[in-house]
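The values are calculated or read from the model by the stated rules, or taken from the named source; none is laboratory data. Predicted model only: the values in this text are computed from it and were never measured. Cβ placement follows ideal geometry from the backbone for every residue including glycine, while neighbour counts extend to all protein chains displayed.
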Amino acid sequence: MGHPILVQAASLLPVKNQHLLFEILSLVNQEIPDIKLRLAGAGPLQNELIDLAQSLDLNQSIVWQQQLDYPSMAQLYQTSHLYLQTSRHESQGMAVLEAMACGLPVLSTPVGVARDVSCLPPQTSAEALAAQVIEILSDKARYQQLCQQAHQTIEATYSLPITTGNFLKIYDEALNNR
């Protein structure tokens with residue numbers, strides 16, 4: 001696997017809770033010292049998060065990707081190992097689905113679509129999420145299985161043909177109930 005890489009694509013806003021993300025990274029770093037985090041996003045908390053990374057001695061572990069254009073996101077996901085969602089709230093969480101479409105397992109807080117698609121039960125504490133990260137990255141066979149499962153879940157539940165069919169059923173029901 002080489003250097004394991006966590007990824008998160010999110011605006012740097014309080015609701016995205018990158019404070020929790022950095023706390024998780026700090027804990028994982030104690031067990032997996034070569035762990036990296038790619039953080040793709042921009043926002044008003046950037047300077048605060050840079051200071052927090054420095055205070056947690058994470059400067060060497062974080063790659064600040066800034067805001068990436070949409071076509072670059074697939075490569076970001078495909079060159080990472082695990083998507084970590086730490087939001088306090090999500091209405092859906094498109095980044096989670098995009099990461100899974102690229103074959104990344106997802107760990108998360110219990111928000112949005114991540115509640116249903118996380119490869120392990122969603123958690124709210126840094127300790128619990130860090131333990132899950134370590135568990136997944138320490139078992140290569142299981143990790144590979146979770147990568148395949150992530151992509152299969154997207155194909156079976158969120159692909160364009162499935163989503164289109166679901167919308168057509170809703171429209172048919174609405175028209176038939178008039």
Requested in this report: For L52, state whether it is outside any loop (DSSP other than H, G, I, E, B), at negative phi and modelled with pLDDT of 95 or more.
Outcome: yes
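Of the residues S87, S61, only one is of a type in the set (G, A, S) and either at pLDDT below 95 or under 21 Å from P122 (Cβ atoms) (or both); which?
After ruling out the rest, the residue left standing is S87.
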Requested in this report: Just one of (1) surrounded by fewer than 19 Cβ atoms within 10 Å (Cβ to Cβ); (2) polar (S, T, N, Q); (3) in contact (Cβ under 8 Å) with a residue 24 or more places away in the chain trips up N29, so point out which.
Outcome: (1)
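Let's see how each residue does on (1) free of Cβ contacts under 8 Å to residues at least 40 places away in the same chain; (2) farther than 23 Å from Y143 by Cα:
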position	(1), (2)
P71	yes, yes
T79	no, no
R88	no, yes
V96	yes, no
Query raised in the report: Scanning for something of a type in the set (A, V, I, L, M) and touching a Ser or Thr at 6+ places or on another chain (Cβ under 9 Å), does the range 62-83 turn up at least one residue?
Result: no
Report summary line: Filter the range 68-106 for residues that are among the aromatic types (F, W, Y) and part of a helix (DSSP H, G or I); the one that is surrounded by the most Cβ atoms within 10 Å (Cβ to Cβ) is Y77
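Mind listing whichever residues of the range 146-178 are within 28 Å of L25 (Cα to Cα) and surrounded by fewer than 13 Cβ atoms within 10 Å (Cβ to Cβ)?
Listed by number, the residues that qualify are Q148, Q152.
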Query - Meets criteria (more than 15 Å from V106 (Cβ to Cβ) and either exposed (fewer than 13 other Cβ atoms within 10 Å of the Cβ) or out of contact with any Cys (no Cβ under 6 Å at 6 or more places or on another chain) (or both)) for Y143 - result: no
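Yes or no, residue by residue, for (1) within 15 Å of the chain's Cα centre (by Cα); (2) among the polar types (S, T, N, Q); (3) closer than 27 Å to P71 by Cα; (4) at pLDDT 95 or above:
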{"position": "A99", "(1), (2), (3), (4)": "yes, no, yes, yes"}
{"position": "L104", "(1), (2), (3), (4)": "yes, no, yes, yes"}
{"position": "S125", "(1), (2), (3), (4)": "no, yes, no, yes"}
{"position": "A130", "(1), (2), (3), (4)": "yes, no, no, yes"}
{"position": "I136", "(1), (2), (3), (4)": "yes, no, no, yes"}
{"position": "A141", "(1), (2), (3), (4)": "no, no, no, yes"}
{"position": "Q145", "(1), (2), (3), (4)": "no, yes, yes, yes"}
{"position": "A156", "(1), (2), (3), (4)": "no, no, yes, no"}
{"position": "P161", "(1), (2), (3), (4)": "no, no, yes, no"}
Query raised in the report: assigned to a loop (DSSP other than H, G, I, E, B), touching a strand residue (DSSP E or B) at 6+ places or on another chain (Cβ under 9 Å) and among the β-branched types (V, I, T), is that true of V111?
Result: yes
